[in-house]
Structure formats: structure tokens, C-alpha cells
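What follows draws every value from the coordinates through simple rules; no lab data is involved. Keep in mind the model is a prediction, meaning the values are calculated, not measured. Here the Cβ positions follow ideal geometry from the backbone for every residue, glycine too, while neighbour counts run over all protein chains shown.
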Amino acid sequence: MSEGLTRREAMGHAARGLAAIGLGVTAFHLIRKADGQIVWQLDHGRCVNSRLGAVGVNTCNLCTSECVVAQSAVRAVNDFSKCGRCYICPAYYNVTSAVDESGLPSEKLCPRDAITRTMIGDADPEDPANNFYEYVIDETKCDGCGKCVMGCKEPAGLGSIRLAVRHDLCVDCNRCAIAMACPDDAFTQASVEEAFERLETKGGT
Ligand code: SF4
Ligand code: SF4
Ligand code: SF4
């Protein structure tokens with residue numbers, strides 16, 4: 001780490017870079033769609049899994065079970081600019097599982113083992129809570145079940161993970177099976193141009 005750059009400042013730089021990469025993936029796949037084409041989008045302000053205030057309720061997994069694509073065209077995305085890089089991440093760990101000998105929850109939350117945890121910098125053996133971690137979702141494993149999204153919100157999480165339609169995987173059904181099943185009307189249609197606008201103003205589609 002360069003002199004004068006604190007650990008937290010370095011994490012901030014890394015976060016902005018990773019968030020830009022995440023948006024870039026969405027933009028890249030949108031660019032490949034034709035002008036005026038209609039795409040399906042997921043509004044994370046409506047989806048129960050990410051909507052603020054919806055706590056103590058069951059995770060909705062309809063994006064996984066209803067999509068016509070075998071592994072679902074919906075995947076979890078970490079918005080790194082919001083991530084606290086927590087020592088005990090409630091999206092990574094099943095925080096209700098028994099504590100193991102190292103003082104950490106013994107079980108992971110993701111049923112597909114799609115999230116990896118990597119320490120940032122050197123470990124602080126005196127104070128484990130002063131250690132920070134990067135949590136990266138492997139989208140090839142994720143099927144959008146929403147568990148980690150629900151885990152990463154109040155009271156313990158920061159709302160850093162959301163579900164998103166991956167436009168390279170979605171086959172743009174005229175009548176999206178998820179939209180028909182969604183209890184929150186969180187699936188909406190937009191033109192590619194409108195989806196870009198939303199990406200710029202709200203940071204996701
Ligand atoms: S949405 Fe489900 S499968 Fe995907 S990373 Fe989160 S917990 Fe794992
Ligand atoms: S439009 Fe079809 S492929 Fe795309 S998310 Fe909906 S059901 Fe899945
Ligand atoms: S079906 Fe609707 S509420 Fe359920 S996870 Fe998908 S977008 Fe969220």
C-alpha cells in the first residue's frame with residue numbers, strides 16, 4: 001500500500017473500481033441489444049429481498065423457480081461501493097448457525113457456495129473486527145435465490161447486494177414468467193435506452 005494511503009482509503013478506491021466493473025457488465029450486455037428493443041428489468045426498490053423495511057419476512061425465491069432459463073437469468077450483484085467488508089458478513093455467513101472454534105458462524109448462507117471471501121491487506125490478530133474482506137459473487141454459480149440479498153440489509157447488512165436481470169442470459173420473453181409471478185410487481189419492461197438511463201441514475205437494472 002502506498003505511503004499516506006490508509007487502508008480504508010485503499011478500500012474506497014478498490015470499491016469504486018469494482019462497482020464500475022459491475023455496471024460495465026450490465027452496460028456491455030445492453031449495448032448488444034438492438035435500439036428500441038424491450039428488455040425486462042428488476043426494480044430492487046420493490047423486490048421484497050432488497051426493499052428497505054421488509055425485514056423479518058421470508059426470502060422470495062420466485063426469480064429462481066419461475067424463470068424459463070434453467071439457472072435463471074437473474075443473478076445477485078454486489079454493489080461494492082456500499083459494502084462494509086464486514087468481518088462477519090450476514091450475506092456470507094448463516095449468522096444463526098453455531099459458532100465454531102474460530103469464533104465465526106459454522107455455516108455459509110449461500111446454498112450454491114457462490115460467494116468467496118478474501119481478506120484485504122494483512123490480518124490484525126489483536127482485533128478481528130478490524131479485518132476487512134472482499135465478498136465476490138460467482139455469477140456462474142448463482143441462481144438468484146435472493147438469500148444473500150435478504151441477508152445484506154438492516155439490521156446487520158448495508159444493502160450492498162441486489163438481484164439483477166443479466167441481459168446476456170435473459171431471452172426476453174414476451175410475457176416474463178417471473179413478472180407474472182412476482183408479488184411485488186418488481187419486474188418491469190423498458191427500452192434499451194430507458195434501461196441505460198436507469199443504469200446511470202439508479203445504478204442498476
Ligand atoms: S442469490 Fe442465492 S445463489 Fe446467488 S449468491 Fe446469493 S445466496 Fe448464493
Ligand atoms: S423474460 Fe424470460 S428469461 Fe428473462 S427473466 Fe423473465 S422468464 Fe427469465
Ligand atoms: S419474484 Fe419479485 S419479489 Fe420475488 S425475488 Fe423476484 S423480483 Fe423479488
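In this structure, GLU154 and VAL69 have a Cβ-Cβ separation that, at R0 = 41 Å, corresponds to a calculated FRET efficiency of about 0.85. Which FRET efficiency value, to the nearest 0.05, is calculated for LEU169 and ARG117 with the Förster distance at 22 angstrom and r the Cβ-Cβ distance? Result of the calculation: an efficiency of 0.30. What's the local net charge at ALA156, with K and R +1, D and E -1, over the other residues with C-beta under 15 Å away? Summing Lys and Arg as +1 and Asp and Glu as -1 gives +3. Hydrodynamic estimate: the Kirkwood radius of the chain over Cα pairs, inserted into Stokes-Einstein at 25 °C and 0.890 mPa s, corresponds to D of 137 µm²/s.
Estimated from helical segments only, the mean residue ellipticity of the chain at 222 nm is -7500 deg cm²/dmol, where each DSSP H run of four or more residues counts as -39500 (n - 2.57).
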